[in-house]
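The values are calculated or read from the model by the stated rules, or taken from the named source; none is laboratory data. Because the structure is predicted, anything quoted here is derived from the model rather than measured. Cβ placement follows ideal geometry from the backbone for every residue including glycine, while neighbour counts extend to all protein chains displayed.
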Amino acid sequence: MKAVQVSTLNGLKKLYLSEVPRCNIMEQSSVLIKTISIGVNRMDIMQREGRYPVPQGASQILGVEASGYVQESTSEKFKIGDKVMTLVSGGAYSEYIVAPDCHCMKIPEGISFNEAASIPENWLTSYQLLNFIAKIKSGDSVLIHAAASGIGCAAIQLCKFANAREIIATSRSQSKLDMCKSLGATHCITISDSNNFSKMILDATQGRGVDILLDPIGSSYFKENISCCALDARWVLYGMMGGSNTTINLAQLFSKRISFHTTTLRSRSFSYRTSLIRHFSENCLNQFQDGSFKAVVDQVFSWQFAQDAHSYMEKNSNIGKIILKTGSFSEN
Ligand SMILES: NC(=O)c1ccc[n+]([C@@H]2O[C@H](COP(=O)([O-])OP(=O)(O)OC[C@H]3O[C@@H](n4cnc5c(N)ncnc54)[C@H](OP(=O)(O)O)[C@@H]3O)[C@@H](O)[C@H]2O)c1
C-alpha cells in the first residue's frame, strides 16, 4: 500500500509518498479502512521532526485520524462499504488503516469525507477538555486561545452548545476572528506583543474573569492568563506553542483557587479513548447532521504534497483544519 514517509535531506526532514507493506486485520471487532481523507495535526509536524515520542505499540507512520470506506470487517457494528471516521494512535497517513470498531464513528449524513477527517482529533480533544476535564456548565465564561485553530473552531461550537455565557476567542491574526464570531464567539480579541489581553478579558466579563481557560500556548501567555481567571477557574493546558518555561508567583494561583490541569489525548488508554468516543458520538454526531455543528476545513492538499500541507500549518496560515486527500478530489 502507499503511505507518506519521512526522509532526511540536507538535515531537513521531508515527507514523500512511497510503498510500504499493507496492514491486515488481526483482531475481532476491527475494520480495515480504505482512507479517502486524512487530518493534519501539529503533532504530525513534531513527529516528522523527531520531536514527538510515538506511543508504545503505535505505527511509526504519521497521522492519528482519517475517514474512508470500510473495506474488510470483523465487526458487528460496521459492514463493508460503510463510511467511517476514526481516531487511531498512529498510521493514518496510509492508503489503508486498521482500527478497532469502538474507535470508529459512522460519518453523519451530509458530511463529506474531508469534513469527517477533520472531526476526530480536534473535536474529541475539545470535547474532552470542556466536558471531561473543565466540566463546563451552563453560564460559564470560557476563554479560548488560538480560537481559529482546528481545536478552537470545535471548542467555540461546543461552548455555545453547552450554553456558555461568554465565549471569548483570541488570535494573533485579526483576520481569523471573523470565523470565530460566525461560529458563536461572543467576544473576539486580537493579541499582540504590545497589548495586555487580560484587561480586555476582564472588560468582557464585567471584571469577573473566566471560569474556563483553554490554553494551547503555555509560557508566553502564562502571567496574563492568571489575571484572566475568575475565582475557582479551571485552566486546561493542552499545548505549549508559546514555550514551556515560566516563573510564576504561586500565590496568584492560590488566591483565586485556580485548578490547573494538563492533558494529552494520544497517550490516553484504550478504554479512556473508547469512553470519550462513545460520549462524543452519543452527544454530538446528530448536531453535525442537523447543521448545528460545522466541521471547518481550510485547505485540502493531495497527499503527494503532504510536505506543503505541513509547511502551511507551520506558517500558522490555517483557519480550522488542513486535510490530505489520498485519491481524486471529486470524492469528497
Ligand atoms: N493535548 C492534546 O490532547 C492535544 C490534542 C490535539 C492538539 N493539541 C495541541 O493543540 C495545539 C493546537 O492544535 P490545532 O490542531 O488546533 O492547531 P492549528 O489548527 O494548527 O492552529 C494553531 C494556531 O495557534 C496559533 N499559534 C501558533 N503558535 C503560537 C504562539 N507561539 N503563540 C500564540 N498563538 C500561536 C496560530 O494562530 P493565530 O494566527 O491565531 O495566532 C496557529 O494557527 C497544538 O499545540 C497541538 O499540538 C493538543
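Tabulated data
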item	result
Matching residues, region 150-168, being within 9 Å of the ligand (Cβ to nearest atom) and either not in a helix (DSSP H, G or I) or not assigned by TED's automatic domain parsing to the domain that holds PHE197 (or both)	none
Output for region 114-138, where each listed residue is buried (at least 22 other Cβ atoms within 10 Å of the Cβ), away from the ligand (no atom under 12 Å from the Cβ) and part of a helix (DSSP H, G or I)	ASN114, GLU115, ALA116, ALA117, LEU130
Qualifying positions in region 274-300 - under 30 Å from TYR16 (Cβ atoms) and either within 14 Å of the ligand (Cβ to nearest atom) or among the hydroxyl-bearing types (Ser, Thr, Tyr) (or both)	ALA295, VAL296, VAL297, ASP298, GLN299
Complete set of residues in region 221-248 that are surrounded by fewer than 15 Cβ atoms within 10 Å (Cβ to Cβ) and not in a loop (DSSP other than H, G, I, E, B)	LEU231, ASP232
Output for region 130-178, where each listed residue is small (Gly, Ala, Ser) and touching an Asp or Glu at 6+ places or on another chain (Cβ under 6 Å)	SER141, ALA164
Criterion: outside the structural domain of ALA147 (by TED's automatic domain parsing) and either touching a Phe, Trp or Tyr at 6+ places or on another chain (Cβ under 9 Å) or basic (Lys, Arg) (or both) - qualifying residue of ARG273, ARG208	ARG273
All strands (runs of 3 or more DSSP E) inside region 10-113 with 3 or more residues being within 21 Å of the chain's Cα centre (by Cα) and on the phi < 0 side of the Ramachandran plot	30-39, 65-73, 83-87, 96-100, 104-106
Filtered residues of region 249-273 (kept if more than 16 Å from the ligand (Cβ to nearest atom), surrounded by 13 or more Cβ atoms within 10 Å (Cβ to Cβ) and either of a type in the set (D, E, K, R) or not in a helix (DSSP H, G or I) (or both))	LYS256, ILE258, SER259
Residue identified as farther than 17 Å from ARG268 by Cα, β-branched (Val, Ile, Thr) and in contact (Cβ under 8 Å) with a residue 12 or more places away in the chain among ILE33, ILE80	ILE33
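This table checks each residue for (1) more than 18 Å from the chain's Cα centre (by Cα); (2) at pLDDT 95 or above; (3) buried (at least 23 other Cβ atoms within 10 Å of the Cβ); (4) closer than 26 Å to THR262 by Cβ.
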| residue | (1), (2), (3), (4) |
| --- | --- |
| PHE161 | no, yes, no, yes |
| ARG172 | yes, yes, no, yes |
| LYS176 | no, yes, yes, yes |
| CYS180 | no, yes, yes, yes |
| ASP193 | yes, no, no, yes |
| LYS199 | yes, yes, no, no |
| ASP203 | yes, yes, no, no |
| LEU214 | no, yes, yes, yes |
| GLY218 | no, yes, no, yes |
